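Following: one structure in structure tokens, then a few remarks.
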Amino acid sequence: MKKFKVCVYAISKNEEKFVNRWYESMKEADEIYVLDTGSTDKTIDLLKEKGIKVKRKKISPWRFDIARNESLKLVPEDADVCVCTDLDEVFNKGWRKELEKVWEKNTNRCRYTYNWSLDKDNKPLVSFLYEKIHSRNGYKWIYPVHEVLEFDNDFENVIVNENIILNHYPDSTKSRSSYLPLLELSVKENPKNDRNMHYLGREYMYYGKYNEAIDTLIKHLHLKNATWKDERCASMRFIARCYKYLKRYDESEMWLLKAIKESPYLRDPFIELALLYYELNDFQKVYDTVTQALEIKYHQKTYNNEIFSWNETPYDLLSIACFNLGKYDESLEAINHALEISPYDERILKNKEIILNKLDI
């Protein structure tokens, strides 16, 4: 017997290629609701064929928080648990059972595993805790983009079950063009919000607006409430990345050293610094920096993890550095580790042949 009424809700626009997969993942819920914001393909028809309750509404001007709140309104008041997902996301089977293992009558929110990026073999590359499962009342979505749930009571009872796993398979054809103006609006509405300031600086970097990115990320670091070290470290890394793109290598190195000091428990600033030294052909510093990075064995579950910190990149860099320093045995050992992670990388395979020839093996 089911203990709670669980409802999934989502927003959609031109998602016809995801509907079947998404429904198969979400159908463990008692009811599913979708607010469609203007599909011109078969999304609505396909959703209705599955028995999903769909409402169409245009949100103008577009804001993600308003769209999410309108979709939440579709969920009936007698729902115990609301599960917000997007149509490009898929739960592992059994998520409902895992949820009911931990959810109690006084629970407000559940944190669970979100695999934001996966490789071709479905192995997680970037994974962190997500928190879009919540009680029906007491919540509203805020911020025009990168929206989050805000709880309107003093005490929020949050539980965690990392066995609830949601996988993200993004549509690479969809545009992010609305993100930058929406982030600028977010910061204009709340200039003291550290999270949105960080996101805006990152977005400027993505757009190649490096000076704007640097200025904005420094503003983030100077905000009094910008205290989360992982995010501060990311801002410092992005500042360094911008300076590298501007070929101002001394400033880039300075900010990466600051990032390491800020969060010495993260591999990301070490590997990003090693990549800078590689670009500058300073192989001794590549060797030293990667060696320090590989001493960090615990992979933090935060959204700003870099894929290159935990894939073949550290061992690839180490192998190249060792080769250039004449440490050929170490170079071979490192490249074998890289190939364990990425066995079909042609460049790395060719590098191994060069090392073997050097060793006369």
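When the P(r) of the stretch 232-276 is calculated, the portion above 17 Å amounts to 15% of the C-alpha pairs. Here's the picture: a label point sits 7 Å out from the Cα of ASP121 along the beta-carbon direction, and within the stretch 334-361 the residues with their amide nitrogen under 12 Å of it are 339-345. Summary value for the stretch 116-156: 23 percent relative contact order, contacts being C-alpha pairs under 8 angstrom separated by 6+ residues. Mean-square fluctuations from a GNM of the chain, with a 10 angstrom spring cutoff on Cα atoms, peak among GLU89, GLU100, GLU147 at GLU100.
Probing with 1.4 Å while keeping every protein chain in the model, the per residue accessible area of the stretch 199-296 equals 46 Å². For the stretch 238-301, which trypsin sites (Lys or Arg not before Pro) pass both filters: DSSP loop (anything but H, G, I, E, B) and at most 11 other C-beta atoms within 10 Å? Here the trypsin sites (Lys or Arg not before Pro) that fit, given the DSSP loop and packing criteria, are LYS247, LYS297.
Ordering ASN281, THR227, PRO181 by the projection of their Cα atoms onto the charge dipole of the chain, which places +1 on the Cβ of Lys and Arg and -1 on the Cβ of Asp and Glu, puts PRO181 at the extreme positive end. Each peptide in 195-206, 58-69 was scored by the mean count of other Cβ atoms within 10 Å over its residues; highest first, the order is 195-206, 58-69. With both residues required to sit in the chain, DSSP beta bridges show an antiparallel share near 45%. Between the stretch 14-47 and the stretch 76-153, the C-alpha centres lie 17 angstrom from each other. Using a probe of 1.4 Å, the accessible surface attributed to VAL160 totals some 70 Å² when neighbouring protein chains are kept in position.
Protein heavy-atom surface of the stretch 1-137, 1.4 angstrom probe: 48% of the accessible area is carbon and sulfur, with nucleic acids and ligands not counted. Which shape class applies to the stretch 233-361: rounded if a/c is under 1.5, otherwise prolate when a/b exceeds b/c and oblate if not, where a ≥ b ≥ c are the square roots of the Cα gyration tensor eigenvalues? Cα axes put the stretch 233-361 in the prolate bin. Stretching GLN292 away from ARG136 to a fully extended chain increases their span by 51.5 nm, per 0.36 nm per residue minus the current alpha-carbon distance. Short-range pairs are left out: with C-alpha atoms under 8 Å and at least six residues apart, the relative contact order of the chain is 11 percent. Placing pseudo-labels 7 Å out from each Cα toward the beta carbon at ASP78 and LYS27 gives an inter-label distance of 2.4 nm. Computed with a 1.4 Å probe on the full set of protein chains, the accessible area for SER117 sits at about 20 Å².
Solvent exposure of the stretch 1-105, expressed per residue, is 50 Å² of accessible area, with all protein chains present and a 1.4 angstrom probe. Sorting the segments 73-79, 334-340 by their residues' average number of neighbouring beta-carbon atoms within 10 angstrom, most packed first, yields 334-340, 73-79. Could you look at the stretch 253-361 and say what percent of its accessible area is carbon and sulfur, using a 1.4 Å probe and all protein chains? Looking at the stretch 253-361 in its full context, I get 51 percent from C and S. Structure remark: mean-square fluctuation, Gaussian network model of the chain, C-alpha springs under 10 Å; the largest value among ASP288, ASP119, ASP194 belongs to ASP119. The Cα center of the stretch 283-361 and the Cα center of the stretch 157-207 differ in position by 32 Å.
May I ask you to derive the FRET efficiency for VAL148 and GLU353 from their Cβ-Cβ distance with R0 = 56 Å, giving the value to the nearest 0.05?
0.65
Accessible-area rank, largest first, for LEU294, LEU280, LEU217: LEU280, LEU294, LEU217, with all protein chains present and a 1.4 angstrom probe. Between LYS101 and ASN211, the simple spin-label model (points 7 angstrom out along Cα→Cβ) gives 5.5 nm.
Any idea what diffusion coefficient the chain gets from Stokes-Einstein, in µm²/s, Kirkwood Rh on alpha carbon pairs, 25 °C, 0.890 mPa s?
My calculation gives 108 µm²/s for D.
Remark: for residue pairs LYS123/LYS247; LYS261/LYS285; LYS5/LYS174; LYS57/LYS192; LYS209/LYS352; LYS27/LYS57, the C-alpha separation exceeds 28 Å in LYS123/LYS247; LYS5/LYS174; LYS57/LYS192; LYS209/LYS352. Residues considered: VAL54, VAL187, VAL102. Largest GNM mean-square fluctuation over the chain, using C-alpha springs under 10 Å, is found at VAL102. Over the heavy atoms of ASP86, what accessible area does a 1.4 Å probe trace out, to the nearest 10 Å²? It works out to around 40 Å².
Extension gain, SER342 to ASN225: 0.36 nm times the residue separation minus the Cα-Cα distance gives 38.1 nm.
Full extension of the chain between SER178 and ASN20 gives 54.2 nm of extra length, using 0.36 nm per residue less the Cα-Cα distance.
The values are calculated or read from the model by the stated rules, or taken from the named source; none is laboratory data. Everything quoted here is computed from the prediction, not taken from an experiment. Reconstructed Cβ throughout: ideal geometry from the backbone, glycine too, with neighbour counts over all protein chains shown. Keep in mind that these areas ignore ligands, DNA and RNA; they rest on the heavy atoms of the full protein, side chains included. Shrake-Rupley method; radii C 1.70, N 1.55, O 1.52, S 1.80 Å.
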